[in-house]
Amino acid sequence: QVQLVESGGGLVQAGGSLRLSCVASGSISFAVMGWYRQAPGKECELVANIGRSGSEDYAESVKGRFIISRDNAKNTVYLQMNSLNPEDTAVYYCKRRMLVSGLETWGQGTQVTVSS
């Protein structure tokens, strides 16, 4: 019954910043953590992944603007979003993938709306 709870979404003007947090009820030490997003009428897309050792991968559209990080002791992953633009508007989801079993757990999502 592991669950992920996202927070930090909201309404922000273009050029602004937000920091999303995802707190897991269980350990994330042996998991790859990721952030995904889905805008209306679009497919769910990977935003960023972070491996258990801290290696990072980003979608081309967010490179240089977003930073993913993790704090294993707090069972938490973060997404710092800078220089936001209206194309970043979407529901953002946190995902945990267990290294050994491959079991995936998703959060409920948090809405990010960027106005111009």
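Which value, in Å² rounded to 10, gives the accessible area of S27 with a 1.4 Å probe and all protein chains present?
60
Rounded to the nearest 10 Å², what accessible area does E60 have for a 1.4 Å probe in the complete protein model?
Probe radius 1.4 Å; accessible area of E60 about 140 Å².
By a straight-distance test (C-alpha under 25 Å), which lysines pair with K63 as possible cross-link partners, with residues fewer than eight away in the same chain excluded?
Partners found: K42, K95.
If I take R0 = 25 Å and measure r between the Cβ atoms of S27 and N82 in this structure, what FRET efficiency does the formula 1/(1 + (r/R0)^6) give, to the nearest 0.05?
Efficiency at R0 = 25 Å is approximately 0.30.
Report, by chain and number, residues whose modeled amide H sits under 5 Å from the one on G109, excluding near sequence neighbours (fewer than 5 apart, same chain).
Those qualifying (amide H under 5 Å, at least 5 residues apart or on another chain) are E6, C94.
Once label points are set 7 Å from the Cα along Cα→Cβ at both L11 and E60, what is their separation, rounded to one decimal in nm?
With each label placed 7 Å out from Cα toward Cβ, I get 3.4 nm.
With r as the distance between the Cβ atoms of D71 and A39 and R0 = 25 Å, compute the FRET efficiency 1/(1 + (r/R0)^6) and round to 0.05.
For R0 = 25 Å, the calculated efficiency reads 0.35.
Probe 1.4 Å, all protein chains in place: accessible area of C44 in Å², nearest 10?
Roughly 60 Å² of C44 is accessible to a 1.4 Å probe.
The values are calculated or read from the model by the stated rules, or taken from the named source; none is laboratory data. Because the structure is a prediction, the values reported are computed rather than measured. Heads up, the Cβs are rebuilt from the backbone with ideal geometry, glycines too, and the neighbour counts pull from every protein chain shown. Just so you know, the surface numbers come from the protein's heavy atoms only, side chains and all, with ligands and any DNA or RNA stripped out. Shrake-Rupley method; radii C 1.70, N 1.55, O 1.52, S 1.80 Å.
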